[in-house]
Number of protein chains: 2
Amino acid sequence: MFLNLEPLYSSIVENIKERVSKLARPPKLAAVTCQPDPSTLSYLRSQEKQAKRLGIEFAVYEAPKASDLKLLLPKLSADDTVNGIFLTHPLPSDISELEAVSLISPEKDVEGRHPISLGNIMYDNPIFPPCTAEAVLRIIKYVTNPSGKRITVVGRSVTVGKPLSMLLLQKGVDATVTVCHSRTKDLAEITKNSEIVVVAIGKAKALGKEYFSSGTLVIDVGINVENDEIFGDVDPSVAEICELTPVPGGVGRITTLVLMEHTVKAAEMARKY
Amino acid sequence: MFLNLEPLYSSIVENIKERVSKLARPPKLAAVTCQPDPSTLSYLRSQEKQAKRLGIEFAVYEAPKASDLKLLLPKLSADDTVNGIFLTHPLPSDISELEAVSLISPEKDVEGRHPISLGNIMYDNPIFPPCTAEAVLRIIKYVTNPSGKRITVVGRSVTVGKPLSMLLLQKGVDATVTVCHSRTKDLAEITKNSEIVVVAIGKAKALGKEYFSSGTLVIDVGINVENDEIFGDVDPSVAEICELTPVPGGVGRITTLVLMEHTVKAAEMARKY
C-alpha cells in the first residue's frame, strides 16, 4: 500500500505556522538561481507559493555566472534581513558545488550543503541536515521506531545517501545502516534482508518487487520526469507487497516543508544573537 | 594469521621523509594537552620521538582550563610557524569536544576533528580525515581492493566509525558499507556475511571467532589497557581463521604516521599561500 503522509505533512505545517507567529518579523528565504530558465522559474514560483502560505518571505536572486555567485552569496550571508539561502541547480560550470556552498554562511545554510552542516551531523548535532535526508528521517520516525532496525540506503549522494546514513546512526535513532550504490554486488540480497529501504538513485522505476521482502517500509526519494510524467526510483507495483511512499507527493512534499522549517529555525537562531 | 604491516609502515615513513626534505623549513606540530599527567606526558614523549625521527618539530602546550584552550587554540591557529594542531584527551569538563575542535583552523586540523574536515569527506574531498579512519583505509587498500566488497564497521564514533564509513563510500573506493553498534541486533550474522570487518568499540577482546567467517580481513582498532597489558577489541584467537591486524603495532602505529603525514601536508599547503 501507499503510505498516507497527510497527518505528518499537516503537523509540520501547523508547527511552522505557530513558530512563525512568534517571530517579531517574517523569516526571509533568499533563492539564488544561476540558470533562470522557464522550468527553474516555475519551480521557484511553487516554492514561493508554499513559503507565502506559511508566512515566510521569499525573494529570487539571479547569478548567471560564477563571478556573480562569488559576490552574491557573501552579500546575502552578511544581510541581516535574510535568514536562509537556497541555491538552485545547475551551477555555472566554472564553480564546483563545494566551492559555491562554502560561500554560504553556515547560520543560513538551510539546505544543509555547507561542509560544516554535514560535519555537525557526525557530532550528533544536526543543525541543518540536507532537507531531503531530514525528510526521509521524519517519514521513517513517523511510521516506526528505527532503533535497532536494519535500514539500507541505496545511493551515496552528498544530499541524501551519505548524510542520511549519519542521521540514522545518531544516538537515539540507533539504526543499523547499510549504504549501497552502483558498485554494490547482490543489491537485491541486501535490500531483501532489510526492514526499511530508502532508494535515492535518480532512475525511474529502477527497483521492482524482486528487490523487496513483503512488509518492508520503502522510502522512494526519486523524482524522475519522463514524457511529462513524474516517476519515483521504485516501481509503483512494489506498493502491492510493501509500505511505499508515493511519488509525487511523498518525500518531495515533506522536503519542501523541511526547507521552510529550517528557514524558521535560522530566524529563531538569529534572534538570539 | 596476523597481518604484517611493516612494508606499509616503511613506505609511509619513506614518503614522509622525502616530502619533509623538500620543504624550506621543518613542519611543526603543536600538541595541546589539558591534563598534563604522567601518562599523557609519556604518550606525548613517544609522539615527539616519532616526529623528530621524521624531521618534524614538536612542541607541547599546556591548557588546563577551558579558558586557556579558548585563548591558545586561536593563537596557535594564527601562528605561521605552526602547521598542525593536535589536542590530547580528556578535555576540561566545561568545554565540549565540538566547541574545542571548532577553535582549530581547518588548515591546521591534522587530526581531522573539525566539522569542516568531516563534511569535506562527504564531498569526496578528504583533506584531513580523522587519522585512525584514514589508517584503517590505508591498511584495507594495502591488503586488497575494497571496490564492491561488503565491509562492516562495528562502532559509530566520530573519530572512527562514522568518518571511516564515508571514506569507504568514496568514488574510487566503492565499498558497500554497513555500520553496526551497541543497538545492532544479530551482530554476528552481519559480520559473518562481510568480506572485511573493522572493529572500533573500545572493549578488550569483545569479538571472538564466533563473529567471523574464515578468511575475513579483520581490522582491530581497539587499544585497551588491562593490568598493564594492551589488548585489541578482537580476541587474538581470531587470527587462527582470519587475517587480523595485530594489537599493539597495528592500526595504532599507522595512525601516528598518518598524523605526521597530515602535518607535512599542512606545511605543503601553507607554502602555497
Check: Is any residue of region B:42-78 close enough, with backbone N under 18 Å, to a label point placed 7 angstrom from the Cα of B:Ile95 along the Cα-Cβ axis, and if so, which?
Finding: B:59-78
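Cβ under 14 Å from A:Lys52's Cβ, A:Lys52 left aside: what net charge do those residues give with Lys, Arg +1 and Asp, Glu -1?
With Lys, Arg at +1 and Asp, Glu at -1, the net is +3.
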Check: Can you give the translational diffusion coefficient of chain B in µm²/s, computed by Stokes-Einstein from the Kirkwood radius over Cα pairs at 10 °C and 1.306 mPa s?
Finding: 82 µm²/s
Item checked: Top of B:Ala175, B:Ala59, B:Ala200 by mean-square fluctuation, Gaussian network on chain B, Cα under 10 Å -> B:Ala59
Checklist line | Computed FRET value (nearest 0.05) for B:Ala59 with B:Glu210, which takes r as the C-beta separation and R₀ as 51 Å | finding: 0.60
Check: Say a label goes 7 Å from Cα toward Cβ at B:Leu41 in every copy; what distances in nm does this one have to the rest, shortest first?
Finding: 7.2
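Roughly what percent of Cα-Cα pairs across the protein assembly as shown reach past 39 Å? Display every interim value, and only then the final one.
Values: 44576 of 148785 pairs.
Roughly 30 percent, once rounded to a whole number.
In peptide A:127-137, how many Cβ atoms from other protein chains are near each Cβ within 10 Å, on average? Present the calculation step by step, with values, prior to reporting the outcome.
Working: counts 1, 0, 0, 1, 0, 0, 0, 0, 0, 0, 0.
Per-residue shielding by partner chains comes out at 0.
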Check: Considering lysine pairs in region B:22-107 that are 8 or more places apart or on different chains, how many have Cα atoms under 22 Å apart?
Finding: 7
Notebook entry, point to check: What are the DSSP H helices in chain B that stretch 27 Å or more along their long axis, judged by alpha-carbon atoms, and whose average Kyte-Doolittle hydropathy comes to at least -1.0?
Noted result: B:251-272
Notebook entry, point to check: Between B:Lys209 and the same site in the other copies, what are the distances in nm, shortest first, taking label points 7 Å from Cα along the C-beta direction?
Noted result: 4.5
Next item on the list: With springs connecting C-alpha atoms under 10 Å apart, model chain A as a Gaussian network and identify which of A:Ile127, A:Ile201, A:Ile230 has the largest mean-square fluctuation.
Entry: A:Ile230
Notebook entry, point to check: Ratio of region B:22-107's C-alpha Rg to 2.2 N^0.38 Å, to two decimals?
Noted result: 1.09
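Run through the DSSP bridge list for region A:131-252 and note the antiparallel percent, rounded to the nearest 5. Working shown, then result.
On the way: 3 of 19 bridges.
Antiparallel bridges: around 15 percent, rounded to the nearest 5.
Give me D for region B:167-273 in µm² s⁻¹, whole number, from Stokes-Einstein with Rh from the Kirkwood sum over alpha-carbon pairs, 25 °C and 0.890 mPa s.
Approximately 158 µm²/s, per Stokes-Einstein.
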Item checked: Ascending count of other beta-carbon atoms within 10 Å, so fewest first, for B:Glu48, B:Glu229 -> B:Glu229, B:Glu48
Note to self: Give me the inter-chain shielding for B:180-191: mean count of other chain Cβ atoms within 10 Å, whole number please.
What the structure shows: 4
Note to self: Would any residue of region B:222-255 have its amide N under 13 Å from a label point 7 Å out along Cα→Cβ of B:Lys203? List them or say none.
What the structure shows: B:233-235
Check: Among A:Lys192, A:Lys149, A:Lys52, whose mean-square fluctuation peaks in a Gaussian network model of chain A (Cα, cutoff 10 Å)?
Finding: A:Lys52
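Let me confirm one metric for peptide A:112-118, namely the mean number of other chain beta-carbon atoms within 10 Å of its residues' beta-carbons. It would help to have the intermediate numbers written out before the result.
Details: counts 1, 2, 3, 13, 9, 3, 9.
The per-residue average across the peptide is 6.
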Note to self: Once the label point is set 7 Å along the Cα-to-beta-carbon vector, what list of distances in nm do you get between B:Met1 and its counterparts in the other copies?
What the structure shows: 5.8
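For chain B, give me the percentage of DSSP beta bridges that are antiparallel, rounded to the nearest 5 percent. Could you put the intermediate results ahead of the total?
Working: 3 of 30 bridges.
Percentage antiparallel, nearest 5: 10.
Taking 45 Å as R0, compute the FRET efficiency from the Cβ-Cβ separation of A:Asn193 and A:Ser11 and round it to 0.05.
The value I calculate is 0.90.
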Notebook entry, point to check: What nm distance separates the two modelled labels at B:Ser67 and A:Thr81, each placed 7 Å from Cα along Cα→Cβ?
Noted result: 4.2 nm
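Which whole-number percentage describes the relative contact order of region A:23-108, with Cα contacts under 8 Å and a sequence gap of 6 or more? Intermediate values should be presented prior to the final figure.
Details: 113 pairs, mean separation 34.8, N = 86.
Across region A:23-108, relative contact order equals 40 percent.
Suppose a student asked you for the relative contact order of chain A, using Cα pairs under 8 Å spaced at least 6 residues apart; what percent would you report? Mind dumping the intermediate values first?
Values: 513 pairs, mean separation 52.1, N = 273.
Once normalised by length, the contact order is 19 percent.
Every read-out reported here was derived from the displayed coordinates using simple, explicitly stated rules and does not represent laboratory data. Because the structure is a prediction, the values reported are computed rather than measured. Using ideal geometry, Cβ is built from the backbone for each residue, glycine included, and neighbour counts are taken over all protein chains shown.
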